[in-house]
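Trainee: My structure is below; once you've seen it, I'll send some questions.
All of the numbers you see were taken from the coordinates with simple rules; none came from a lab. Computed from a predicted structure; not experimentally measured. No Cβ is skipped: glycine too gets one built from the backbone with ideal geometry, and neighbour counts run over all protein chains shown.
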Amino acid sequence: MRYISSSSTNSGTSSIETTPSDRYDLDIAAVDVQNRVASVTGRLPAAVNATGISITKANDNFVFGAGFFTRDSRYFA
C-alpha cells in the first residue's frame with residue numbers, strides 16, 4: 001500500500017482508506033484488504049462484528065482532455 005488514512009466520528013463510525021501503488025491491480029488490492037480484515041476480525045469488539053464491516057473498492061482516476069486549434073482553423077484536434 002502506498003498510504004493509509006483514517007477518520008472517525010463521535011457516533012462511533014470509523015473509516016479507513018488504503019491507497020495502493022500506482023500500477024497495483026485494484027482487484028488484487030481489494031482481496032488483500034479483505035484478507036487483512038479477515039485476519040483481525042476475531043480480535044475486534046463484539047459490537048463491531050455485530051454491526052458489520054464493509055469493504056468497498058473505488059477508482060478515482062480522472063480523464064484528461066485537451067483541444068488544439070489555430071485562429072485560421074488550419075489545425076484542430
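Trainee: For D32 and A58 in the same chain, what is the full-extension length gain: residue separation times 0.36 nm, less their Cα-Cα distance, in nm?
Mentor: Difference between extended and current length: 7.9 nm.
Trainee: Quick one: if you stick a label point 7 Å off each Cα along the C-beta vector at D22 and S39, how many nm between them?
Mentor: 2.8 nm
Trainee: With a/c under 1.5 counting as rounded, go ahead and sort the range 1-55 into rounded, prolate or oblate using the C-alpha gyration tensor (a ≥ b ≥ c being the square roots of the eigenvalues; past the cut-off, prolate if a/b is larger than b/c, else oblate).
Mentor: Oblate.
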